[in-house]
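The values are calculated or read from the model by the stated rules, or taken from the named source; none is laboratory data. As the structure is a prediction and not an experimental result, all values here were calculated from the model. When we count neighbours, we look across all protein chains shown, and the Cβ atoms used for this are built from the backbone with ideal geometry, even at glycine. Side chains included, ligands, DNA and RNA excluded: accessible areas come from the protein's heavy atoms. Shrake-Rupley method; radii C 1.70, N 1.55, O 1.52, S 1.80 Å.
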Amino acid sequence: MGVDPLMPKPSEQRVGRPRLQRDNQQWAFDWVIKETGRVFHFQPDGRGELPTSVRSHAMISKHLGLAGRRLERIARAEAEAGHPETSMDFYYRAALQFMSAQHVLFSNNDEKRYLHASLLRCFDEVRARAPYRIEHVEVPWNGTTVSGNLHLCPGSDPAPCVFFIPGCDITKESWPHPSLNHALQRGMHVFSFDGPGQGESNLRGIRLTADNYEQAASAAFDYLVGRPEIDPQRIGVYGLSFGSFWALRVAAHEPRVRAVVAPWATYCDLYYLMTEESPRYKQLFMYLTQSATEAELDAVTSRMTLDGFLGRIRCPTLLVSGEYDPRSPLDEVYRLYDQLTAPAELWVFADQHHAASLVGGARRSLSEADINELACDWLRDRFAGKALAHPGKVLYVDPAGAGPNSSSVALKRKWYE
């Protein structure tokens, strides 16, 4: 039997995936995890969400899994006590713990399957107790299925829909929280998607490629436009973090997108994410792409680009970036923004990094981030036919100011202008 030249030699392997050059930084990465409680986004003040019992990356799945178990026990007890609202909130918190726990495992082993099944089990309990209907949707695509959660806004008339694309570190369960659904408050449905590289798609072995995310999203659009509750002329895409990259690729590929919001910029050459950011990302994308070697991974990520795609977008577009986001250098963001020909705005949050916020501060989960409110307002305005306030401009959002919707927001690209 011949030897597959793409398979790594035994000396190039580690448990769960082939070795990477950045694995020689693991000792420093583990120290940073212990000291900061974070696996990425090290710039903010204060400790991250990892418990102090976590002393290395290898410990995360167990200790977050144990935290998820405890929250699930609390949720069950509250349900038995006749407190459905409290029970739902704790089931949601448990689901998020299991989501984070399963994410750090870069192979579909027994522990990964256990933790991901726990995520889905807890979110099923959330759906059963939500104040409105949430459907778990399976969409046939490319000989397999991709999944989403459809949060249906009550009402008899077809309503707009927000197509939510999570980042590469979270899943469709991360937003919205049923008790804090910013889209529903504004009369809009939400479809939260697990495309290739996310959640259920990973457990099904769907390999992320340079261009299959937008193809899978189009299959989901086929499903959504057939739902009588959804107005097919008012579907907008909201993509966060790495979801911002996918959102823009979807908008370039899919003519049924009526508006796109892409905050927490991941627009630039993936060199920055794979080489200058946390070692976590190259390890993660090795798993998501199912690459056999680092060279194969590099070949895939080198084709994941927005160059040449932004000019194809025809709908109103909002980009949002932190001034010092390490994965998206600002001059590169400007270069890409200038490729847009559709009505567009770019909001630059001064002195911020990746997860830009109007007011900053700690938050318990993504559902509490104020960017969700800003995004939903912006989409609602577009669905209502409201023109952009500053088409083609860069809004420099100073921390001492009143935000991007203020009449006094600065229109400039550099802090010194």
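Miscellaneous remarks
- Calculated [222 nm] ellipticity per residue, helices only, for the chain: -11000 deg cm²/dmol; basis is -39500 (n - 2.57) per DSSP H run with n ≥ 4, divided by all residues, nearest 500.
- When T293, T266, T52 are compared by accessible area at a 1.4 angstrom probe, the order from most to least is T52, T293, T266.
- Accessible surface ranking that places the most exposed of R133, R413 first, with a 1.4 angstrom probe: R133, R413
- Lysine pairs within the chain, Cα separation less than 18 Å, 8 or more sequence positions apart or different chains: 5
- Dimensionless Rg ratio for the chain, taking C-alpha atoms and the 2.2 N^0.38 Å reference: 0.96
- What a 1.4 Å probe finds exposed on the chain is 52% carbon and sulfur by accessible area, rounded to a whole percent.
- DSSP bridge analysis restricted to the chain gives an antiparallel fraction near 40%, rounded to the nearest 5.
- The relative contact order of the chain, computed from alpha carbon pairs under 8 Å that lie at least 6 residues apart in sequence, is 12 percent.
- The stretch 99-134: chymotrypsin sites (Phe, Trp or Tyr not before Pro) in DSSP coil with no more than 15 other Cβ atoms inside 10 Å: Y132
- Probe 1.4 Å, protein heavy atoms only - accessible area per residue of the chain in square angstrom: 42 Å²
- Residue order for Y271, Y91 - accessible surface, 1.4 angstrom probe, largest first: Y271, Y91
- For the stretch 343-417 and the stretch 175-249, distance of Cα centres in Å: 22 Å
- Residues within the reach of a label modelled at R204 (point 7 angstrom out along Cα to beta-carbon, backbone nitrogen below 20 Å), restricted to the stretch 134-164, are 134-151, 163-164.
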